[in-house]
1. Scanning for something over 16 Å from Leu114 (Cα atoms), in contact (Cβ under 8 Å) with a residue 60 or more places away in the chain and under 18 Å from the mean Cα position of the chain (by Cα), does the stretch 57-67 turn up at least one residue?
2. Ser90: touching a strand residue (DSSP E or B) at 6+ places or on another chain (Cβ under 6 Å), under 22 Å from Val165 (Cβ atoms) and in contact (Cβ under 8 Å) with a residue 12 or more places away in the chain, yes or no?
3. Ser128 passes all but one of (1) in a loop (DSSP other than H, G, I, E, B); (2) at pLDDT 95 or above; (3) not β-branched (Val, Ile, Thr); which number fails?
4. So if I check each of Gly179, Gly171, which one is modelled with pLDDT of 95 or more, more than 12 Å from Ala26 (Cβ to Cβ) and either aromatic (Phe, Trp, Tyr) or not in a loop (DSSP other than H, G, I, E, B) (or both)?
5. Take Val125 and decide whether it is in contact with a His (Cβ under 9 Å, 6 or more places away or on another chain), open to solvent by less than 80 Å² (accessible area, probe 1.4 Å) and in contact (Cβ under 8 Å) with a residue 24 or more places away in the chain.
6. Exactly one condition in (1) among the charged types (D, E, K, R); (2) within 16 Å of the chain's Cα centre (by Cα); (3) more than 24 Å from Pro162 (Cα to Cα) is false for Lys97; which is it?
7. Farther than 24 Å from Gly93 by Cα and of a type in the set (Phe, Trp, Tyr): is that true of Trp154 in this structure?
8. Quick one: Asp111 ticks every box in (1) open to solvent by 60 Å² or more (accessible area, probe 1.4 Å); (2) at pLDDT 95 or above; (3) outside any helix (DSSP H, G or I) except a single one, so which number is it?
Amino acid sequence: MKVVAFNGSPNKEGNTWHALKIVTAALEQEGIETEIVHVGNKAVRGCVACYQCVKNKNEQCVLPGDPVNEWIQKMKQADGIILGTPVHYSAIGGTMKSFLDRAFFVTGVNDSMLRHKVGAAVVAVRRSGGVPTFDQLNNFLNYAEMLLPTSNYWNVIHGRTPGEVVQDLEGVQIMRVLGKNMAWLMKLVEHGKGAVAPPEREAKTFFSFIH
């Protein structure tokens with residue numbers, strides 16, 4: 001089994017990376033392979049709602065020139081996915097948001113590629129804004145019908161300078177417990193294959209309140 005973690009920080013080894021390393025270390029102790037992909041320092045365009053991915057259904061976004069399609073394939077091949085980001089002013093950083101909008105749109109219209117994979121969100125923050133950003137990340141996981149492991153508090157860790165989050169003892173425990181629970185849930189999913197039938201996927205119903 002493998003988990004791919006996406007680091008939305010511009011700083012490759014900043015506090016988001018340190019948080020992800022705590023989670024992935026716990027996963028690796030349970031025999032799960034991990035990979036951290038650095039997203040935040042790339043130039044990634046936002047979704048333009050062209051709907052070509054809906055038309056083509058080839059597991060690709062038509063916008064060229066960035067690694068989004070490569071990352072989509074990493075998501076497809078992984079058993080678990082972690083979304084990690086710092087708080088930029090009030091929410092997810094722009095590059096990470098652009099990646100998530102496009103990736104989850106493409107995976108959703110291609111037979112719900114992420115459905116029933118295990119997914120978790122992690123936020124590194126200096127002071128405040130961690131919980132709203134955590135909620136934003138979870139919106140992507142929920143919409144994709146992913147399975148969410150929990151920890152013993154919200155998955156938010158605090159620090160300012162790179163590496164300072166390791167001094168947040170409660171935050172470190174939150175990340176470690178998340179990794180352990182994620183590994184356990186992934187093993188439950190793996191052992192349940194062929195023994196417990198998953199619910200049948202329903203076609204999405206769209207309804208607007210103004211007609």
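1. No; the residues of the stretch 57-67 include none that is over 16 Å from Leu114 (Cα atoms), in contact (Cβ under 8 Å) with a residue 60 or more places away in the chain and under 18 Å from the mean Cα position of the chain (by Cα).
2. Values: touching a strand residue (DSSP E or B) at 6+ places or on another chain (Cβ under 6 Å): no; under 22 Å from Val165 (Cβ atoms): yes; in contact (Cβ under 8 Å) with a residue 12 or more places away in the chain: yes.
No, not satisfied.
3. Answer for Ser128: the failing condition is (2).
4. On the way: Gly179 fails: more than 12 Å from Ala26 (Cβ to Cβ).
Matching residue, one of Gly179, Gly171: Gly171.
5. Values: in contact with a His (Cβ under 9 Å, 6 or more places away or on another chain): yes; open to solvent by less than 80 Å² (accessible area, probe 1.4 Å): yes; in contact (Cβ under 8 Å) with a residue 24 or more places away in the chain: yes.
Taking the combined requirement at face value, the residue satisfies it.
6. (3)
7. Working: farther than 24 Å from Gly93 by Cα: no; of a type in the set (Phe, Trp, Tyr): yes.
No; evaluated as a whole, the condition is false for this residue.
8. The number of the failed condition is (2).
The values are calculated or read from the model by the stated rules, or taken from the named source; none is laboratory data. Fair warning: this is a prediction, and the values are worked out from it, not measured in the lab. For neighbour counting, all protein chains shown are included, and Cβ atoms are generated from backbone atoms with ideal geometry for every residue, glycine included. These area figures cover heavy atoms from the full protein model, side chains too; ligands, DNA and RNA do not enter into them. Shrake-Rupley method; radii C 1.70, N 1.55, O 1.52, S 1.80 Å.
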